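First comes the structure, then the notes that go with it.
The values are calculated or read from the model by the stated rules, or taken from the named source; none is laboratory data. Just so it is clear, the structure is predicted and the values come from calculations on it, not from any experiment. Methodologically, a virtual Cβ is constructed for each residue, glycine included, from the backbone with ideal geometry; neighbour enumeration extends over all protein chains shown. Each accessible area value is taken on the protein alone, full model and side chains, heavy atoms only, with ligands, DNA and RNA left out. Shrake-Rupley method; radii C 1.70, N 1.55, O 1.52, S 1.80 Å.
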Amino acid sequence: MTTNETAERSSVRSVERALHVLDCFSDGRAKITLSEAARLTELPISTVSRLLMTLEKEGFLRRSGAAYVCGIRLMQIGLNALHNLSVYEIAEAHLTRLSELTGESSYLGIPSDGVQVVYVRQSLSAKSIRHSAWLGRTVPVKGTAIGAAITGNVGTSGFAATRQTLEPDVTAIAAPIYASGGSIVAAINLTGPTYRIKDDDVRRFGLAVVEAAQAISEEIGGVVRK
């Protein structure tokens, strides 16, 4: 084997190992430590440490305390891929139907970096007073209805609801979308002014949000959790 062939094989092996590290996030894991990455990839800690630092330098990962989370470049690639995935295309009709049924704005959100959710598709309410357009905006997982849905904290009702969220007097209702294997890949979020969404509406709208999320889950081949 020539020197060039040896160098090429070494480069390919390094790429494969880097992809194995990134694959640690494929099961919905929000963050990962050096020791966890070494255990999951079955690679030496010294090797994984170099890979993590390189991936961080290139923007594919970023530091979060003692752990690593998905970086902006990985998110951009993911968003680009999302446009070619069925969940993005399928969601449009369900969001439109949900907004027409409830009279409120509905959104499709996906997890971005473990601590935030980004809105990638929307259907705005036809009413003059409505929730502002949040397409492309990120919101925190903590303290939001869609964050609760993304993390699976929806209880037996299948949906999460907040009366006071990031904006005062805004009610949000969200439900998770499941992919194959039961992992949560996205969530549907319905928002509107609290004065218009009464307590009885929360339950009624919540069931409609769950129905929309489950329909999308089934269409993308996901396992719907009852």
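Scan the range 148-163 for residues that are surrounded by fewer than 24 Cβ atoms within 10 Å (Cβ to Cβ) and in contact (Cβ under 8 Å) with a residue 24 or more places away in the chain and the total you get is 7.
Regarding Gly78, is this residue on the phi > 0 side of the Ramachandran plot and modelled with pLDDT under 85? No: the conditions fail for Gly78. The single condition from (1) over 18 Å from Gly222 (Cβ atoms); (2) part of a loop (DSSP other than H, G, I, E, B); (3) open to solvent by 20 Å² or more (accessible area, probe 1.4 Å) that Glu100 fails is (2). Checked against (1) part of a loop (DSSP other than H, G, I, E, B); (2) surrounded by fewer than 19 Cβ atoms within 10 Å (Cβ to Cβ), Ser125 passes all but condition (2). In the range 167-204, the residue that is modelled with the lowest pLDDT out of those that are open to solvent by 50 Å² or more (accessible area, probe 1.4 Å) and closer than 18 Å to Tyr88 by Cβ is Ser180.
Does any residue of the range 100-114 turn out to be touching a residue at least 12 places away in the same chain (Cβ under 8 Å), of a type in the set (D, E, K, R), in contact with a strand residue (DSSP E or B) (Cβ under 6 Å, 6 or more places away or on another chain) and under 17 Å from Gly78 (Cβ atoms)? So far as the range 100-114 goes, yes, one or more of its residues are touching a residue at least 12 places away in the same chain (Cβ under 8 Å), of a type in the set (D, E, K, R), in contact with a strand residue (DSSP E or B) (Cβ under 6 Å, 6 or more places away or on another chain) and under 17 Å from Gly78 (Cβ atoms). Scanning the range 154-198 for residues that are within 14 Å of the chain's Cα centre (by Cα) and in a loop (DSSP other than H, G, I, E, B) yields Ala179, Ser183. Determine whether Leu207 is of a type in the set (A, V, I, L, M) and surrounded by fewer than 16 Cβ atoms within 10 Å (Cβ to Cβ). Yes; evaluated as a whole, the condition is true for this residue.
For the range 53-65, the criterion of being open to solvent by less than 40 Å² (accessible area, probe 1.4 Å) and part of a helix (DSSP H, G or I) is satisfied by at least one residue.
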